[in-house]
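Trainee: Okay, handing you the structure first.
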Amino acid sequence: MIHASICTIGNEILIGQIVDTNSSRLAAALEEAGIRVTRMLSIGDDRDEILNNLRNELTQSDIVITTGGLGPTKDDITKGVLAELSGSTGFVEHAGQLAIIHDILHSRGLDMLAINRAQALVPDRCEVIENRLGTAPIMVFRFPEDSFGATLYALPGVPFEAVGAIPDVMQDIRAHYPLEPILHHSLMVYGLAESALSELIAPWEDALPADMHLAYLPHPLTGIRLRLSIYGGSREDQEKRVEEQILRLKEILGDKVYSDQDDTLEATVGRLLKAAGKTLSAAESCTGGEISHLITSVPGSSAYYLGSVTSYAVSVKEHVLGVPAETVETAGVVSSEVAGAMAEGVRKMTGSDYAVSTTGLAGPDGDAFNPVGTVWIGVAGPKGTKTLKKQFRHDRKRNIQRFAAEALNFLRLTILEDLSI
């Protein structure tokens, strides 16, 4: 199997000034092509650091991809270091990239300066893939077997340009390397902590064949994505073997599985509603519109989602949603009774088949009866109203995410039960 490493170059990443998104996009493209990414690292704008790290990566990987350090300013030293690393004796001007630089500057009403023209200069031991989106060319260094026996691709650091270069880089890789397929299959799980999930499926995981690998990928909004990967073999054989394992896993997890693809709770709820011809509304307090935002982020959600009321204040709960004042006074705002009344109120107001509600304390403060992280969720539907209490111990932002995810999952389970799926 072909192995690759990805290196970002630039102090701006190391000091946290910008977030590295290039590496994740590159890794996804490499994995899809059957290339196993073994390392990612970030290197500062220092000659020795760049040289030493790239030498190490070229020794251990078949392919090394760098991003960054190719700009026109004095701190962009990567091109010179790569010339040294490759044993180049000088620089040559690449006519194709120079023409692109001229066109880009002309379109912006700018003159060609010496500093711009210098970007078309490349080490004499590299090949060039023209960068049609920017001024810095993509450089390809093919090291012979008596050196590193690897290939290095140097990409610009601007995300728009780096991502735009991926198709050309992958085409070049395919032309020079025999690639084996990697198949990834995801299973989305909600309602189990990662440790509990690991313990539950341990016998199944321990029995996996040596060429299969399971990864746990938790997220507060989507639960845990179990990604099963298989390396090598024909695609037909891969798909058959992975499907067999996924079926066994579904039998173990039951309704904790909400999708057998890389998915979200809101998309899953949307498919259930659409398939059943049902509609939905929401009444949110502590989530402040997060549930509505998630639902409407799904394309086509207008087919089943009618609207919401963000009833943050008690007065809105009472006067808009119709929650009885005596219910608030006797049970408290954060209660089963209020959550149920909110869901019933918005369902009646919008005429939806289902309604989901939240009332709770995201933080930073709790009250005399409920600690921070407490939420009551209500779901009203054709077969009545249900409520659920959950407690978390996160910061405000994470609590809101968890509240919204729990509400969507409770709604999902209620719809499944109503439809006897």
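The values are calculated or read from the model by the stated rules, or taken from the named source; none is laboratory data. What you see is a predicted model; the values in this text were computed from it and never measured. So basically every Cβ, Gly included, is an ideal-geometry build from the backbone, and we count neighbours across all protein chains shown.
Trainee: So the check is Cβ under 8 Å with 6+ separation or different chains; which pairs have a first residue in the stretch 185-213 that's acidic (D, E) and a second one that's surrounded by 18 or more Cβ atoms within 10 Å (Cβ to Cβ) and at pLDDT 95 or above?
Mentor: E194/I224
Trainee: Cβ-Cβ below 9 Å, separation at least six or inter-chain, first residue in the stretch 275-296 and without any contact (Cβ under 8 Å) to a residue 24 or more places away in the chain and under 12 Å from S308 (Cα atoms), second surrounded by fewer than 19 Cβ atoms within 10 Å (Cβ to Cβ) and among the small types (G, A, S): which pairs?
Mentor: Going by the 9 Å Cβ cut-off, the qualifying pairs are S292/G307; T296/S302.
Trainee: Next question. Let me spell it out: the conditions are (1) part of a helix (DSSP H, G or I); (2) surrounded by fewer than 15 Cβ atoms within 10 Å (Cβ to Cβ); (3) not aliphatic (A, V, I, L, M), and Q97 meets all of them except one. Which number is the exception?
Mentor: So the condition that Q97 fails would be (2).
Trainee: Follow-up. Kindly evaluate V92 against the criterion of being in a strand (DSSP E or B) and out of contact with any Phe, Trp or Tyr (no Cβ under 8 Å at 6 or more places or on another chain).
Mentor: Against the criterion (in a strand (DSSP E or B) and out of contact with any Phe, Trp or Tyr (no Cβ under 8 Å at 6 or more places or on another chain)), V92 qualifies.
Trainee: Hey, another quick one. Report, by residue number, each residue of the stretch 276-302 that is touching a strand residue (DSSP E or B) at 6+ places or on another chain (Cβ under 8 Å) and surrounded by fewer than 21 Cβ atoms within 10 Å (Cβ to Cβ).
Mentor: K278, T279, G288, G289, T296
Trainee: Here is a further query. Among the residues of the stretch 22-41, write down those that are at pLDDT 95 or above and part of a loop (DSSP other than H, G, I, E, B).
Mentor: none
Trainee: Only residues that are of a type in the set (D, E) and not in a loop (DSSP other than H, G, I, E, B): list them for the stretch 100-113, please.
Mentor: Matches in the stretch 100-113: D103 only.
Trainee: Hey, among S357, S308, S302, which residue is touching a helix residue (DSSP H, G or I) at 6+ places or on another chain (Cβ under 9 Å), without any contact (Cβ under 8 Å) to a residue 24 or more places away in the chain, among the small types (G, A, S) and under 12 Å from L280 (Cα atoms)?
Mentor: S302
Trainee: Take L273 and tell me if it is surrounded by 15 or more Cβ atoms within 10 Å (Cβ to Cβ), hydrophobic (A, V, I, L, M, F, W, C) and in the same structural domain as L408 (by TED's automatic domain parsing).
Mentor: It is true that L273 is surrounded by 15 or more Cβ atoms within 10 Å (Cβ to Cβ), hydrophobic (A, V, I, L, M, F, W, C) and in the same structural domain as L408 (by TED's automatic domain parsing).
Trainee: Go through the stretch 66-89 and report how many residues are in contact (Cβ under 8 Å) with a residue 40 or more places away in the chain and either touching a Leu at 6+ places or on another chain (Cβ under 6 Å) or assigned to a helix (DSSP H, G or I) (or both).
Mentor: Number of matching residues: 7.
Trainee: Considering (1) surrounded by fewer than 15 Cβ atoms within 10 Å (Cβ to Cβ); (2) at pLDDT below 95; (3) part of a helix (DSSP H, G or I); (4) not aliphatic (A, V, I, L, M), say which one N116 fails and leave the rest.
Mentor: (1)
Trainee: Please enumerate the residues belonging to the stretch 355-383 that are in contact with a Phe, Trp or Tyr (Cβ under 7 Å, 6 or more places away or on another chain), under 20 Å from I415 (Cβ atoms) and surrounded by fewer than 24 Cβ atoms within 10 Å (Cβ to Cβ).
Mentor: G381
Trainee: Is one or more of the residues making up the stretch 155-167 crowded, with 21+ Cβ neighbours inside 10 Å and part of a helix (DSSP H, G or I)?
Mentor: yes
Trainee: So is F148 modelled with pLDDT of 95 or more, among the aromatic types (F, W, Y), outside any strand (DSSP E or B) and under 29 Å from S24 (Cα atoms) or not?
Mentor: Taking the combined requirement at face value, the residue satisfies it.
Trainee: Still on this structure, I have one more. Restricting to the stretch 241-265, name every residue that is over 20 Å from E32 (Cβ atoms) and either at pLDDT below 95 or of a type in the set (D, E, K, R) (or both).
Mentor: If the condition is that a residue be over 20 Å from E32 (Cβ atoms) and either at pLDDT below 95 or of a type in the set (D, E, K, R) (or both), then E244, R248, K250, E251, D255, K256 are the ones that fit.
Trainee: If you don't mind, another one. Given (1) farther than 27 Å from P178 by Cβ; (2) surrounded by 15 or more Cβ atoms within 10 Å (Cβ to Cβ), identify the lone condition not met by A207.
Mentor: Here A207 clears every test but (2).
Trainee: Residue check, K240 against (1) among the basic types (K, R); (2) assigned by TED's automatic domain parsing to the domain that holds N409; (3) without any contact (Cβ under 8 Å) to a residue 12 or more places away in the chain, all met but one. Which one?
Mentor: Failing condition for K240: (2).
Trainee: For L221, indicate whether it is touching a residue at least 60 places away in the same chain (Cβ under 8 Å) and on the phi < 0 side of the Ramachandran plot.
Mentor: Answer is yes for this residue.
Trainee: Additional query: Does T135 satisfy being crowded, with 21+ Cβ neighbours inside 10 Å, of a type in the set (S, T, Y) and assigned to a loop (DSSP other than H, G, I, E, B)?
Mentor: Yes; evaluated as a whole, the condition is true for this residue.
Trainee: Conditions: (1) over 30 Å from S335 (Cβ atoms); (2) surrounded by fewer than 18 Cβ atoms within 10 Å (Cβ to Cβ); (3) not assigned by TED's automatic domain parsing to the domain that holds V316. D255 meets all but one. Number of the miss?
Mentor: Only one criterion in (1) over 30 Å from S335 (Cβ atoms); (2) surrounded by fewer than 18 Cβ atoms within 10 Å (Cβ to Cβ); (3) not assigned by TED's automatic domain parsing to the domain that holds V316 is unmet by D255, namely (1).
Trainee: Let me ask you something else. Test E337 against the criterion of being more than 19 Å from G288 (Cβ to Cβ), acidic (D, E) and either in a helix (DSSP H, G or I) or touching a residue at least 40 places away in the same chain (Cβ under 8 Å) (or both), and give yes or no.
Mentor: yes
Trainee: Just the residues that are buried (at least 23 other Cβ atoms within 10 Å of the Cβ) and of a type in the set (F, W, Y), please, taken from the stretch 308-354.
Mentor: Y354
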